[in-house]
């Protein structure tokens, strides 16, 4: 099979680097262009990027010259992890110019005709692309987004319960990793021996995105899920891996065993289609009293699984548990790549 | 005034060291005896104790010989931070032998006739001492306890709201410091780059102690507060300072401003009596979006204040906020010392 | 005594905040003006500065309007912790305009007529001020500097040995705290679970400043000490406190006991003059096998002492030991304030 | 090829777990028996071992019953990471009973007839096995050891320079990871926001082992290298990866370029024999000013390479640089496995 040639917008950032790492040896995609919004344009990637991941920068991108994040780029589609302020316009321009845009940026997520997509949760929302093209006059191009890095972990744990029992309210308290703030991101003097009980815009994102993700696609629009969501977000001194303490109130009564079974047996479209990046178990349930832990569980199934533990009844809502996801893999670059794999399977991506 | 001569049970542990540090120069108490449950008996304190606090071990305790935690000890009262398994019997023996026992251990906290005391919250519960003495045949002795280190910070923030508006349910998620586990406590390989979503017995303690602390003393018994409490507890990589994300549902409607004002204007018995260790502001309300933080706020008013921030409306319950307290000062040794100061003021302590 | 009215240049930075904290209640100095190089000019200090130290910003500076770091400022002298690129010109302008400049910046340290001063080590170097005034045509003004934050801790430990036995070579390996890089400084993703074996310019500074500090003042010039110094510098995940592993080769033979005794009995001019900020013991020698440690020893004598431990013979040089100093107190703001106190005692400071 | 059936002594510890992880899918070895010195005997490995590495315990060992670390065990050879106090006797018993013992313990390292082996450094020392068998009356059995976890990283960086130019003295300052202390090892309250300038026995081990490793095998005995070695060891808040600041004085003069070239071009017997675990580049030289760093470089070539950087001239000795190795892979379990691979290649291992 001929690979799709992809461009990466925001290639020098923490998530951009993850895109490059995760696309190494990918059977469907190969990197054809790198773009960044900063002063790195015109330099080679090796010059422009301070590689922050363990190991070396892959050799094949070192000499690629970084371009401006604007069309035309010589590629079939683009992955975007541009900063929000730039992403809004840049992604629109690419879509107008005929490029599928698979975005990790927050700019377009809440657009009424923009799929906010987790392939295991709401694969049917891809059909919004048709509405979007009609609304916006896009021809070949479109924009598809993945959720916020903490919303993904939370919603992957909520989705099986919502499908099976209905959720009426949900209380989420996150303990989020430093890499979620990008690089340089959080100052070490703020991170060491400390917790910061604030992440700008994060609580609002979790509260809003959850309703859209668990919503139903009607006549070209999403009916938000009917539930209340409360999020309090904290930054903790962890490199990777967002942890969340979660309580849920269910519409229907359920036993503790049913809740555990529903989570551990969860399989969805990416597993059925055997998408390349799909984990075998999208939700892993652990029984040890002290799991999940970021350092031990974030890399489960190459960082694409969400691990849930400490499932038990709750005094105020019905059940509580703890969920963990790798924020720059499942919560960002890996999320976008899995979205792209679903779009290939659904016929939305074509060679230029 | 002649000082009370105090014995410290569990003197070599993390909390025992805090007792010694906080009692230096105290106007009402002086250290007369040190006891510990381990192999340190018969050694001098300098030999027996690896001093873990910044600065040097106070000179006056270095040559004190560590004794067994059993009566008789040459002192007027004892502070206890014995391990739970030993505290149950040892504290009972001291009370029987006529010693007031001011305990930080969890053993007796939930006893029906044992005051579980925060002087700002439920000072009237000291009257349980009379019931206790009658029940148990104690003459001069008695047992008074302070709550769990995280429960104190949580309940000090809840108490003003409960008094003013009533609380019907409360959802607490803690991020607790390493010193709460004692020494050696948490292994560094578990703490570094990690969060542990489990602290043995902690969730149950917060849920139970909150109801007793906010309860009403009737005819010699406590009527627990009528509310639901849910606690999820996490250990984070912080040396000192327990942080809690809290949501509350109130009995009466209240505006955001009323909630803020109720918390920031809170003053109680210890402030009226000007007890030596009492903070001027038992609850400090901060307006910055990113406070409280353990490293910046744990030492507020010598570690005796609880700092609250991020007060805002909540989608699921009524309001949410973040509270922080120093776990080995306000949450342990300082709590017990303030309890002793209240008992002096109330006439429950006498020279031997 | 009438207090000297001081201005602080670089008042919003990490060291500037320490100046303000350490000058609270100082018997000789009071803050009269605040200046900063950034966009904070014209704002109140409360608006301009994100206070990074535990506790609250002192109330008396909150409403002070931040000015430009250029003369005139309404004060008798200035403390400077300006960034290097700005300090060179700004400090010269203040000296020309008649202000004594007590600087923590590196810009002028190695100037041939600039005292690089540690009051315990080379108090006589203050006489360079006379040369400096003559050379540069300064009238009342002058510039005095303190060393780099790691050089101070190292040289305070070397000085007694150099005075007693002579040092011919010295090998220093530092493990330096995050606060030494200012704020935001080191990115948390670089600091957590990591060591960075590089601090720009630091190795050169230690190697050069040590020779000047231990040099002799001759006819208006410093004869550098005749020794070889090798420094390797590492950034470790510690908030405050620079630790150094040090080996020395001595000119004269000495026993281990003599080395220990020479360090622990060291007293110097600031102790004789009882300068306000002078520690009673400028060098504290500890015997425990595992001390000094940053968290336990950095605050010794209010952060003004250097703690030395693990003194033992060395296979390659003659002796080795470990030294620790608080980098933003003894290594920066406290160093400058002690310099100012010496200058008062020596008659170099006068009321404007 | 028929695989060798191996037993692991000390299987439940940090290094024992690494053995199991690194032997998964190994072409020459398969795990046949697990033994441990603690109360885990008789339990299944899943019951006995708290798995501390990211990811799950390999399925194939979960049901293996943990045995006593004493012969007989049903296997062809044993890997040992037993605690020192037990290792001395236990390893001797296994060797006497005919088992090759490939040990990571320190007990036998300095025995005159025991190979202390790094395959890239002193592969010829395996011939000591013949002397050992004769001396001790071993038949099929023998003991081979690998060095201390920090000595390995240091000596791999020294060996090419020693071979090419001779080294007369070496000054090493280490910053060592928490995993080097085992589990639970260092208390988190000692590790967080701190450095501990002491690791029991470590300085002595580096100083002694280096001389033996770089020594020459003569008539059945090792002539230690003629050099002086000074080591100061510090524990830093890093999970894995020992970093060392190193200075060397050479016998022959060398240019900076020659030093760099000698290190970066270093290849040895394991590379020639293409041993399964051998890295392609045993020493990786990096040119960035701020590398190596534990978090970024410890996993180079699966954790089997040592990374060197910051090579430059030194004021006191001749050259200085920084070296990093993964302490539980290259410095422990991986070292022992590579030793075993060399022993297979040299014909010292046979099927039982």
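Some notes on this structure:
- With respect to (1) within 14 Å of chain D (Cβ to nearest Cβ); (2) over 16 Å from residue B:55 (Cβ atoms); (3) in contact with a helix residue (DSSP H, G or I) (Cβ under 7 Å, 6 or more places away or on another chain), the lone exception for residue C:275 is condition (1).
- Single residue of C:25, C:7, C:42 found to be assigned to a loop (DSSP other than H, G, I, E, B) and closer than 30 Å to residue C:268 by Cβ: C:25
- Selection within segment A:73-92: residues that are more than 21 Å from residue A:148 (Cβ to Cβ) and surrounded by 15 or more Cβ atoms within 10 Å (Cβ to Cβ). The member of this set that is farthest from the chain's Cα centre (by Cα) is A:73.
- Qualifying residue in segment D:274-287 (condition: under 21 Å from the mean Cα position of the chain (by Cα), touching a residue at least 60 places away in the same chain (Cβ under 8 Å) and under 27 Å from residue C:200 (Cβ atoms)): yes
- The set of residues from segment C:36-56 being away from every other protein chain (no Cβ under 14 Å) and touching a residue at least 40 places away in the same chain (Cβ under 8 Å) comprises just one member, C:37.
- Note on segment B:199-248: residues that are over 23 Å from residue A:289 (Cβ atoms), within 16 Å of the chain's Cα centre (by Cα) and either more than 9 Å from chain A (Cβ to nearest Cβ) or free of Cβ contacts under 8 Å to residues at least 24 places away in the same chain (or both) amount to 4.
- The set of residues from segment B:293-317 being away from chain A (no Cβ under 14 Å) and at positive phi comprises B:301, B:302, B:303.
Table: residues versus (1) within 21 Å of residue A:13 (Cβ to Cβ); (2) within 18 Å of the chain's Cα centre (by Cα); (3) crowded, with 24+ Cβ neighbours inside 10 Å.
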site	(1), (2), (3)
A:103	yes, yes, yes
A:110	no, yes, no
A:119	no, yes, yes
A:123	no, yes, no
A:130	no, no, no
A:135	no, no, no
A:143	yes, yes, yes
A:148	yes, yes, yes
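For every residue, the table says whether it meets (1) outside the structural domain of residue D:25 (by TED's automatic domain parsing); (2) at pLDDT 95 or above.
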{"position": "D:301", "(1), (2)": "yes, yes"}
{"position": "D:304", "(1), (2)": "yes, yes"}
{"position": "D:307", "(1), (2)": "yes, yes"}
{"position": "D:314", "(1), (2)": "yes, yes"}
{"position": "D:317", "(1), (2)": "yes, yes"}
{"position": "D:321", "(1), (2)": "yes, yes"}
{"position": "D:337", "(1), (2)": "no, yes"}
{"position": "D:350", "(1), (2)": "yes, no"}
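- The listed residue being assigned to a helix (DSSP H, G or I), at negative phi, touching a strand residue (DSSP E or B) at 6+ places or on another chain (Cβ under 8 Å) and not assigned by TED's automatic domain parsing to the domain that holds residue A:246, out of A:140, A:133, A:109: A:133
- Answer residue from segment C:318-342, given it is surrounded by 23 or more Cβ atoms within 10 Å (Cβ to Cβ) and over 29 Å from residue C:17 (Cβ atoms) and is nearest to the other protein chains (Cβ to nearest Cβ) among those: C:320
- When residues of segment D:57-97 are limited to those that are in contact (Cβ under 8 Å) with a residue 60 or more places away in the chain and in a loop (DSSP other than H, G, I, E, B), the one farthest from the other protein chains (Cβ to nearest Cβ): D:76
- Within the option set A:181, A:187, A:177, A:163, being surrounded by fewer than 24 Cβ atoms within 10 Å (Cβ to Cβ), within 14 Å of chain C (Cβ to nearest Cβ) and under 24 Å from residue A:229 (Cα atoms) holds for one residue only, A:181.
- The condition of being touching a strand residue (DSSP E or B) at 6+ places or on another chain (Cβ under 7 Å), within 14 Å of chain C (Cβ to nearest Cβ) and crowded, with 22+ Cβ neighbours inside 10 Å does not hold for residue A:172.
- Selected residue (criterion: surrounded by the fewest Cβ atoms within 10 Å (Cβ to Cβ)) from residues of segment C:196-245 that are at positive phi and touching a helix residue (DSSP H, G or I) at 6+ places or on another chain (Cβ under 7 Å): C:220
The values are calculated or read from the model by the stated rules, or taken from the named source; none is laboratory data. Just so you know, these numbers come straight off a predicted model, no measurement behind them. Counting neighbours? That spans all protein chains shown, and the Cβs are built from the backbone with ideal geometry, glycine included.
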